Amino acid sequence: MLMRKILPLAGSIAVIGANSLVLSPIAGAVALSFPGIDAAGVMTAAAIYGLATAISALVLAPGIDRIGQRAALRRSLLVMMAALALSAAAPNLPVLCLAQALAGLAAGCALPAIYVLSAHVAEKGRESETLGLVLTGWTVSLVAGVSLSALIADFAHWRLVFAALALAAGWLAVAVHRSRELAVPTPATRPSSPLTALRVRGIAPALLTVAAYMAAFYGLYAYLGSHLTGALQLSTAAAGLAPMAYGLGFGIATFADRLLDRHGATAAAPVTFLGLGLVYVALAATSAHAAILIALCFAWGAANHIGLNLIVARLTALDPTQPGAIMGLYSTVTYLAASAGVFFYRPLFERFGLAGCAVASAGCIVPALATALIQRRRRPVSGTEGRKFIRFRLKNGG
């Protein structure tokens, strides 16, 4: 029953995630279809996609609270299907950039809707487990999407990658439309916007945590492949084991999500963020040893999964009257922090290597750890009490 509810949500994340990651491994193949364009030029489309996603999440996502989460997700998937079909047929780079901009606008609305729906369809006592299962869509996009896209581009054509994703988006739009479980009533609430969401109590420290957390991940992940193939001289195929190990760890950590429901987020958060910080320290200490580094990527993925679950759950509980606007801010901060992480980590990587980036990431986890410790000191509740508190807020409008 639970899997039937969340399958369209996890699948939607998988398609969105695959599109956001797919250009990197096939950029060279795409460039061959566009005379005078190199792989770096193709990645311009990926940058435009990220920027469009951030803008959409900030400007358009608040509309989710008015039209309803299921309707917003269905429409976003239809737009995503059209954008992916246009990407597959793009005759040149400007058209591909336009298509990816359209895909970004769709993703910026779809992701907040997915996160809010996952909170609505969760059974009592299984909130964290449900969100964790939805988040496994990122694992599918990372492990299957990236790997399969490279194979399809090598043995067939890169256009088939986007065509397949377009078909998947269309199928998911139909599945969302037919799903009775996702037909969540839209409450009559006051109009929401980024400004009203920014006035929600607790939103500022929560978004600061998101910014630091995402910069830590994307900043380090962006240069992991370069370190493995450059400093450690691994082949491209061998270096691909690192993101695969990360994705497997991210997915397997789903089995630990039920512990969050049992013991409560307040108790689990300090342990989780401390553990993630230690993983970053370990990545720095073992950056010269490829096998250990790849093995640690598994632990990195597992810790990041649990940490992301805690962060998203905290945001969705801040104000049930405007979840779309709040999760829109989350997506905006995520994509801006991702770009900032890649930008600011570059001089660190050039001077101190991957070890310097990993140390910086460990430092970025401090805000999340500090916030978790403060919350535990203020409200040291059990898992059962924590769930009662969240359900009380949902029933009484925050």
Check: Once you charge only the Cβ atoms, +1 for Lys and Arg and -1 for Asp and Glu, what is the size of the charge dipole of the stretch 287-386 about its Cα centre, to the nearest 20 debye?
Finding: 240
Checklist line | Projected area, mean over directions - the stretch 81-170, Cα convex hull, nm² | finding: 6.4
Note to self: Using all alpha carbons of the stretch 201-268, what is the percent of pairwise distances in each 10 Å bin, ordered from the shortest bin to the longest?
What the structure shows: 16, 29, 33, 17, 4
Notebook entry, point to check: Placing +1 at every Lys and Arg Cβ and -1 at every Asp and Glu Cβ, with all other atoms neutral, what dipole size does the stretch 48-132 have around its Cα centre, in debye to the nearest 20?
Noted result: 200
Notebook entry, point to check: Under the rule of -39500 (n - 2.57) per DSSP H run of 4 or more residues, summed and divided by the residues of the chain, what mean residue ellipticity at 222 nm is obtained, to the nearest 500 deg cm²/dmol?
Noted result: -27500 deg cm²/dmol
Note to self: As an exercise, take the mean of 1/r over every pair of distinct alpha carbons in the stretch 322-367, invert it, and state the Kirkwood radius in angstroms.
What the structure shows: 11.9
Next item on the list: Tally up the carbon and sulfur contribution to the accessible surface of the stretch 9-159 as a whole percent, 1.4 Å probe, everything protein left in place.
Entry: 71
Item checked: Protein-only accessible surface order, largest first, of Arg376, Arg75 at 1.4 Å -> Arg75, Arg376
Check: Viscosity 0.692 mPa s, temperature 37 °C: Stokes-Einstein D of the stretch 176-331 from its Kirkwood Cα radius, in µm² per second?
Finding: 185
Next item on the list: Would you kindly state how much longer the chain becomes between Ala40 and Phe343 on full extension, computed as 0.36 nm times their sequence separation minus their alpha carbon distance, in nm to one decimal?
Entry: 107.5 nm
Item checked: If the convex hull is drawn through the Cα atoms of the stretch 28-88, its volume per residue in Å³ -> 81
Note to self: Before I look further, what does the chain give for accessible area per residue, probe 1.4 Å, in whole square angstrom?
What the structure shows: 43
Notebook entry, point to check: Using the reciprocal of the averaged 1/r over all distinct C-alpha pairs, how large is the Kirkwood radius of the stretch 280-376 in Å?
Noted result: 15.3
Check: How much of the calculated P(r) for the chain lies past 35 Å, in percent of all Cα pairs?
Finding: 22
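The values are calculated or read from the model by the stated rules, or taken from the named source; none is laboratory data. Everything numeric here is computed off the predicted structure, so don't read it as measured data. Neighbour counts run over all protein chains shown; Cβ positions are idealised from the backbone, glycine included. The area values use the complete protein model at the heavy-atom level, side chains included, leaving out ligands, DNA and RNA. Shrake-Rupley method; radii C 1.70, N 1.55, O 1.52, S 1.80 Å.
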